[in-house]
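Below is one structure, written out as C-alpha cells; the observations come after it.
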Amino acid sequence: MSKEITINFQLADGTTRTVDAVVGDSIMETAIKNDIDDVVAECGGSLICATCHIYVSDETAALIDAADDTEQDMLEGTSAERKPNSRLSCQVIVAEGMAGHTFETPESQ
Ligand code: FES
C-alpha cells in the first residue's frame, strides 16, 4: 500500500487547502487529484508547459534536488513572477519528509 502524508497548498486567493499526498507522486499530480485549480499542468508533466508553477518553502527545498537545466529553461517562461523558490510541481516528488509542508501557488499559470 502506498504511503500517504498530508501537505498544504496556499492558494493565490489567500486560502489554504490541506490534502492527502501519495509518496512518490509529483506535487502536480497531487494538486490535480485534489482539484487544486491553481495548478493547470497543461502538458501533464512532460516539462513543456510551465503551467504547474509553484513556490516551495526552504524546508521543502532542502529535501529536493535543484531544478535541472530543462526545468530552469521552462521556469523562464512562467506567467507569474519567477522567484528564487519557483519550481515546476511536476518535477517535485512527494517525500515522507514533506508531511505538513506548504506549497504556494502563483497568481497565474
Ligand atoms: S505539467 Fe507541464 S511543465 Fe509541469
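The values are calculated or read from the model by the stated rules, or taken from the named source; none is laboratory data. All of these numbers come straight from a predicted model, not from anything done at the bench. Reconstructed Cβ throughout: ideal geometry from the backbone, glycine too, with neighbour counts over all protein chains shown.
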Could you list, in sequence order, the residues of region 9-68 that are under 14 Å from residue 106 (Cβ atoms), more than 16 Å from the ligand (Cβ to nearest atom) and in a loop (DSSP other than H, G, I, E, B)?
-> 11, 12, 13, 14
In region 79-95, is there at least one residue being within 16 Å of the ligand (Cβ to nearest atom), in contact with a Pro (Cβ under 7 Å, 6 or more places away or on another chain) and at pLDDT 95 or above?
-> yes
Name the pairs: first residue in region 10-35 and aromatic (Phe, Trp, Tyr), second residue assigned to a strand (DSSP E or B), Cβ to Cβ under 7 Å, at least 6 apart or on different chains?
-> none
